[in-house]
Amino acid sequence: MNAVWTATQNPVAHARWDLRFSRIVPTGTTTDGATTFDYERATPVRVIRGTGVSLGERDRPDGTRTSALRFDTADRLSPLQSGRGYWRYVPAGGGIRFLTGYDYAPGWGVLDLVVRPVIGWATAWSFDRLRIWLERGEEPERWPLRSVLWFWRPERPRAARCRRAPEGGRHSR
């Protein structure tokens, strides 16, 4: 549990495995213990910048942990504007079941019909990349985005390994 918590809550580690971020920099702590941060996502044409706040709960009586965040950007060209999400870490049979949910205000209007599935895919792919790092010790940088095309490498990160809807819900596997 501690390894998953560290890899997801440490800003430097998080930016290594999560395709959605190129950089996460803590900027302070609020009076209730939440961490404020700046984030960046570098693309070939521009760097999207934004801010956020994250609050984690490490010590719950049932052994689970929870982290919640809110983010926002003033970048009018960002496909995601303001949003929020959560992560829940649940001990399960010698491992950890990692649950996440998020939503955001789209920045590109009707193009969100394309953007939302791409962001969902990127999230799932990133979590499989995280799993590979923690289970097999393979650094996230070993699996750059272009590894999606490495069909001859079945051990590569794959979004399809991650359930993207609640069990029994839409698109569940």
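In this rough spin-label picture, where each label sits 7 Å from Cα along the Cβ direction, the Trp152-Gln9 distance is 4.3 nm. Between the stretch 125-144 and the stretch 45-70, the C-alpha centres lie 20 angstrom from each other.
Judged by the mean number of other Cβ atoms found within 10 Å, the most tightly packed of the peptides 149-157, 83-91, 13-21 leads the ranking 13-21, 83-91, 149-157. Only helical runs count toward this figure. For the chain, summing -39,500 (n - 2.57) over DSSP H runs of n ≥ 4 and dividing by all residues gives -7500 deg cm²/dmol at 222 nm.
In the elastic network of the chain, a GNM with C-alpha springs shorter than 10 Å, the most mobile of Arg116, Arg129, Arg46 is Arg46.
At a temperature of 4 °C and a viscosity of 1.567 mPa s, determine how fast the stretch 2-161 diffuses translationally according to Stokes-Einstein, using the Kirkwood radius over alpha-carbon pairs as Rh; express D in µm²/s, rounded to the nearest whole number. The partial results should precede the final answer.
Details: Rh = 16.7 Å.
The diffusion coefficient I find is 78 µm²/s.
Using only the alpha-carbon atoms of the stretch 40-108 as identical scatterers, what base-10 log of I(q)/I(0) does the Debye formula give at q = 0.23 Å⁻¹? Result of the Debye calculation: -0.95.
State, as an integer percentage, the relative contact order of the stretch 2-161 based on alpha-carbon contacts under 8 Å between residues 6 or more apart. In percent, rounded to a whole number, it is 16.
Taking Ser22, Ser147, Ser67 in turn, the Gaussian network model of the chain (Cα-Cα springs below 10 Å) assigns the largest fluctuation to Ser147.
Every number in this text was worked out from the coordinates using simple rules, so none of it is lab data. For clarity, every value in this text was computed on a predicted model and none was experimentally measured. Heads up, the Cβs are rebuilt from the backbone with ideal geometry, glycines too, and the neighbour counts pull from every protein chain shown.
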